[in-house]
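Here, each number is a calculation from the coordinates, and none is a lab measurement. Predicted model only: the values in this text are computed from it and were never measured. FYI the Cβ positions are ideal-geometry reconstructions off the backbone, even for glycines, and counts take in every protein chain you see.
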Amino acid sequence: MYRVECVKIDTLVSGEMNCTDFKSKILRNLGKPAIVNVNIGTTVKGAIDDLDRIIKTLEKCGFRDRFYIHCDGALAGLMMPFIKQAPKVTFEKPIGSVSVSGHKFIGCPVPCGVVITRLDHVKVLSTDIEYLSSRDATIMGSRNGHAPMFLWYTLNKKGYIGIRKEVQKCLRNAHYLTDRLKDMGISAYLNALSSTVVFERPHDEAFVHKWQLACEGSIAHVVVMPNVNVEKLDDFVEELAAKRSSLHEGKGLSVPCVEKDIGLENCLCGQHNKKSRIA
Ligand SMILES: Cc1ncc(COP(=O)(O)O)c(C=O)c1O
């Protein structure tokens, strides 16, 4: 929208920002300010960028007061406060804003989100809308009045303890799914503190369609949400394993290698895992 120059930063296999690449790219742009998007849970792998290291890198490279950090916590931003080991995303650190989606973890039935930013920025962005007799900071001046009510209702109904329980359940179930996939000889990966399970992309398109799997290149992911129980995960794994073995055994397809996507230690292809059941 703003047509600012955009520089892509490499990621590690986990999906997290590669801070070495970040440093080398900001050093190539010393004369300019930096707007940095820090992911608190990436879309595909649920990776969490190292906010503290990113801030230190900017300061060490001389950016000091010439950077703006936005923390994109679309899904995991609402989970992090309930996980003890999680990095702290707080305005005590030099960040400019944090955003979370309302229709992801909270499950709001309409797309919505919350952006929290510093009052100085709010003042610059918002204007008095005379006919609404209020201040507004949206691009078009239009807002959904139901969305904040849904958010308010859910947050109050579940409460701090209720949401913490759901977060713990999601993390536990994500570990369960990862272990079950691996036990079946299916390459899988789960980032620490994440409920997004990444695994080899199924060959069977009907299966992908039925389970509405989000795929990217050679991998697919399942985001384990609060409504998902162990029975559902068992059904998923068993159906996937059955489809997979009929394709691999019946049609002689080889188990795909996903080393570059999820790392050597998580890849169970024939070449990397001699014990692989199917290869
Ligand atoms: C990391 C990340 N940021 C932003 C978005 C988009 O969020 P929204 O649907 O609230 O616009 C997503 C959605 O998947 C996401 O994963």
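Cα extents for the chain along the principal axes, largest to smallest and rounded to whole angstrom: 68, 48, 34.
Where q = 0.11 Å⁻¹, what log10 of I(q)/I(0) comes from the Debye formula for segment 160-266, counting one point per Cα? So the normalised log intensities are -0.34. For the pair VAL115 and ARG64 in one chain, pulling the backbone fully straight at 0.36 nm per residue adds 16.0 nm over the alpha carbon distance.
Given +1 at the Cβ of Lys and Arg, -1 at the Cβ of Asp and Glu and no other charges, the dipole of the chain around its Cα centre is 520 debye to the nearest 20.
Restricting attention to segment 1-71, which chymotrypsin sites (Phe, Trp or Tyr not before Pro) occupy a DSSP loop and are surrounded by at most 11 other Cβ atoms within 10 Å?
Sparse-neighbourhood loop chymotrypsin sites (Phe, Trp or Tyr not before Pro): TYR2.
Cysteines in the chain lacking any other cysteine Cβ under 4.7 Å from their own Cβ: CYS6, CYS19, CYS61, CYS71, CYS108, CYS112, CYS170, CYS215, CYS267.
Taking every DSSP bridge with both residues inside segment 19-144, close to 50 percent are antiparallel.
Helix content alone sets the calculated 222 nm mean residue ellipticity of the chain: runs of n ≥ 4 DSSP H residues at -39500 (n - 2.57) each, divided across all residues, give -10000 deg cm²/dmol. Of the residues MET80, LEU58, HIS103, the one whose Cα sits farthest toward the positive end of the charge dipole of segment 19-144, with +1 on the Cβ of Lys and Arg and -1 on the Cβ of Asp and Glu, is LEU58.
FRET efficiency for LYS93 and LEU247, Cβ-Cβ distance as r, R0 = 51 Å, nearest 0.05? Step by step, r from the Cβ atoms, then E = 0.60. Exposed loop sites are taken as GluC sites (Glu not before Pro) in a DSSP loop (any state but H, G, I, E or B) with at most 12 other beta carbon atoms within 10 Å; the longest stretch of the chain without one runs 93-279.
Can you list the lysines whose alpha carbon is less than 22 Å from that of LYS165, not counting same-chain residues fewer than 8 positions off? The qualifying lysines are LYS84, LYS88, LYS104, LYS157, LYS232. For segment 104-162, applying the loop criterion from DSSP together with a ceiling of 12 other beta carbons within 10 Å to the chymotrypsin sites (Phe, Trp or Tyr not before Pro) yields no site. Apply 1/(1 + (r/R0)^6) to the Cβ-Cβ distance of HIS175 and ASN227, taking R0 = 22 Å, and write down the FRET efficiency to the nearest 0.05. Result of the calculation: an efficiency of 0.80. In a fully extended conformation the segment linking ARG3 and THR43 would gain 12.1 nm over its present Cα-Cα distance, using 0.36 nm per residue.
Applying the Kirkwood pairwise sum to the alpha-carbon positions of segment 79-169 produces a hydrodynamic radius of 15.3 angstrom. Restricting attention to the chain, close to 70% of DSSP beta bridges with both partner residues there are antiparallel. Site pair ALA86 and SER142 shows an inter-label distance of 3.2 nm when each label is modelled 7 Å from Cα along Cα→Cβ. Averaging 1/r across all pairs of distinct Cα atoms in segment 106-148 and inverting the result yields a Kirkwood radius of 12.0 Å.
In a fully extended conformation the segment linking LYS210 and MET149 would gain 18.7 nm over its present Cα-Cα distance, using 0.36 nm per residue. When the P(r) of segment 139-189 is calculated, the portion above 18 Å amounts to 59% of the C-alpha pairs.
For segment 19-144, what number results from the quotient of the Cα radius of gyration and 2.2 N^0.38 Å?
Here the Cα radius of gyration is 1.20 times the empirical estimate.
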